[in-house]
Structures are given as structure tokens and as C-alpha cells.
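Please treat every number below as a calculation from the coordinates, not as lab data. Computed from a prediction, not measured in an experiment: that's the story for all the values here.
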């Protein structure tokens, strides 16, 4: 009689199970690492965006990364006090302002002087990092860039700090904003 015994089949099934477990674990780790890289690129891109917008518009722009969550927001510091009008990361600030006159509210681009497409913008814009990525730490990351591209903290002190993004497996990346506004 030819064939396989039950013991031989059991060993083959166990080997397949072990290899499957290793493969699935590696795939999950790869996905988490890819999400972390995507989150880092997204956040650095937005930091550079607000720095450039502050230089272009001549008004302070800021960003707040809420600790323990994957949420952050970009805001325009229209009164120049280095404060975010709404310190939460929940979409509650729906006020729109004119890009060329931050003290003027608007509903459409036509409400702004020098009406051009894209002139009426939200004062606060809300974003989320990819799933499973959060800002690590007990306090929020906060920075406001002035018209020269220099970073300021919540009390208008010169300099910013670090934002730490962490994934579910504990891998993290620290994004540094130097005193001169360099982002790395």
C-alpha cells in the first residue's frame, strides 16, 4: 500500500502553519512600516507647506499634532498671538477667511477683495495620519511659523521642538523643527 501516514500529514500541516505565521507577521510589519513612512512624509510635507505659506502670505501659520491621536490640524494665526483659536483637533472651527486679508471673513472667493480662485480658505484645516500611527507623548506638538519662516511655540517663544510619530509595533520616527526652521 502506498500513501502517507497521519503523522506525516500532521508534520506537513505544522510546517505550513509555521511558515504561514512567519509570513503573515512579516507582511503586517511591512504594512505598519509603510504606513509610518507615509505618515512621516505627509507630516513633513505639511510642515513645509505651512512654513512656505507663512513666508508667501506674510502671516503666521501653525500646526498642532494632538498627542495620543493620529489627528493634526493646520491653522492660520490671523491675529499673530501664536495661539490656536481652537486648541482641539476636532473639526469645530468652520470660519473661512480671505487669504489676502486675514481679518476679513468670507463665504466665497467673491467676498474677498482682489477676488481670485482660492482666496476664501478655512482658517483651520483638519487631517489624520494613516491608520495605526499616532503622535507619541503627553503633550501636543505645536509650532507657528512667522513671515520669515522662523518657528515659534505656543507662548511665542523662539524655537519649536520634536514630533514623534509611532506605529502599533512600537517603531517611531522623530521629526525635528530646529530653531532656524529647518525640518528633518
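Taking only C-alpha pairs under 8 Å that are 6+ residues apart, what is the relative contact order of the chain in percent?
Numbers: 349 pairs, mean separation 43.2, N = 184.
Normalised by residue count, the contact order of the chain is 24 percent.
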> For the range 1-81, what is the per residue volume of the convex hull drawn over the alpha-carbon atoms, in cubic angstrom?
Replying inline: 100 Å³
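Mean separation of Cα pairs under 8 Å and 6+ residues apart, divided by the residue count of the range 106-174: what relative contact order is that in percent?
The value is 22 percent.
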>> If you fit an axis through the alpha-carbon atoms of helix 6-57 and take the longest principal axis of the Cα set of the chain, what angle between them do you get, 0 to 90°, nearest 10?
In response: 10 degrees
> Looking at the chain, what % of its DSSP beta bridges pair antiparallel, to the nearest 5?
Replying inline: 95 percent
>> Roughly how far apart, in whole Å, are the Cα centres of the range 10-24 and the range 85-157?
In response: 51 Å
> Over the range 13-103, what relative contact order in percent results from Cα pairs under 8 Å that are six or more residues apart?
Replying inline: 16 percent
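For the chain, what does -39500 (n - 2.57) per DSSP helix run (n ≥ 4), summed and divided by total residues, give at 222 nm, in deg cm²/dmol to the nearest 500?
On the way: 1 runs with 52 residues, N = 184.
Value at 222 nm, helices only, nearest 500: -10500 deg cm²/dmol.
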> For the range 44-150, what ratio Rg/Rh do Cα atoms give with a Kirkwood hydrodynamic radius?
Replying inline: 0.98
